[in-house]
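Since the structure comes first, as structure tokens, the remarks are kept for the end.
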Amino acid sequence: MRHLQLKFAMVACTATLFLATIMLNEMLFTRLEFVPGINIIYLPAGVRLLSVLLFAEAGAFGLLLASWYICFFHFFPDDPLRSFAGGILSSLAPYLAYRALLASGIGASLRGMSGQRLFCFALLFSVMSPAMHHAWFALMGGQNLWKGFVVMFTGDLAGTLIVLYGAKLALNAFWPKPVLR
């Protein structure tokens with residue numbers, strides 16, 4: 001029972017943080033929006049990656065629920081197919097990047113990752129997420145795909161770097177490594 005409560009808390013924490021970051025991003029960067037959900041700086045992308053890095057599958061599930069909520073009720077209320085697919089893609093891309101990180105043997109500890117590895121991880125995700133979204137857009141007959149991809153890649157990379165490096169700095173500041181004696 002305790003394990004289930006912990007997983008539920010991880011899902012709830014992820015969903016809450018993701019939705020709060022979307023609101024923050026809209027307050028700070030509305031003028032940098034290309035189309036709904038694609039910004040030049042997109043902090044929620046960093047929360048997506050951080051959530052799966054911290055909580056694995058529970059983080060991905062929290063992202064799925066929150067993404068469906070925001071897509072169905074805010075970004076695309078008149079397009080249920082896009083909302084459904086958008087939620088899946090928004091949670092699947094960071095999870096697949098996380099699984100690729102695990103498969104590489106690097107490990108998935110934020111504390112243990114060097115700045116260079118953290119950048120490579122962010123770069124991988126920032127290519128995967130727009131590629132998956134824009135493959136979907138292409139299947140649906142989307143327009144202006146190349147420009148949208150570039151903007152989404154830029155926004156996801158900027159937001160991801162801000163969030164991941166911020167989390168790493170906070171982790172190192174508040175929980176310093178133990179000193180060996």
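The values are calculated or read from the model by the stated rules, or taken from the named source; none is laboratory data. In this text the structure is predicted, and so the values were computed from the model without any measurement. Note that each Cβ is placed from the backbone with ideal geometry, even for glycine, and that neighbours are counted across all protein chains shown. Remember, those area values only see protein heavy atoms, side chains included, never the ligands or the DNA or RNA. Shrake-Rupley method; radii C 1.70, N 1.55, O 1.52, S 1.80 Å.
The table below gives the values:
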quantity	calculated
Mean accessible surface per residue for the stretch 70-155, computed with a 1.4 Å probe while every protein chain stays in place, in Å²	51
log₁₀ of I(q)/I(0) at q = 0.12, 0.18 Å⁻¹ - the chain, Debye sum with one point per alpha carbon	-0.55, -1.21
Per-q log10 I(q)/I(0), the stretch 21-108, q = 0.10, 0.15, 0.20, 0.25 Å⁻¹ (Debye; single scatterer per alpha-carbon; no solvent)	-0.26, -0.57, -0.93, -1.22
Square roots of five times the Cα gyration tensor eigenvalues for the stretch 59-139, Å	28, 13, 9
Placed amide H near residue 39: partners under 5 Å, 5+ positions off or other chain	34
Cα-centre dipole for the chain with unit charges at Cβ (Lys and Arg positive, Asp and Glu negative), debye to 20	780
Stokes-Einstein D (µm²/s) once Rh is taken as the Kirkwood radius of the stretch 21-70 over alpha-carbon pairs, at 20 °C in 1.002 mPa s	188
Chain lengthening between residue 12 and residue 170 when straightened (0.36 nm per residue, less Cα-Cα)	54.7 nm
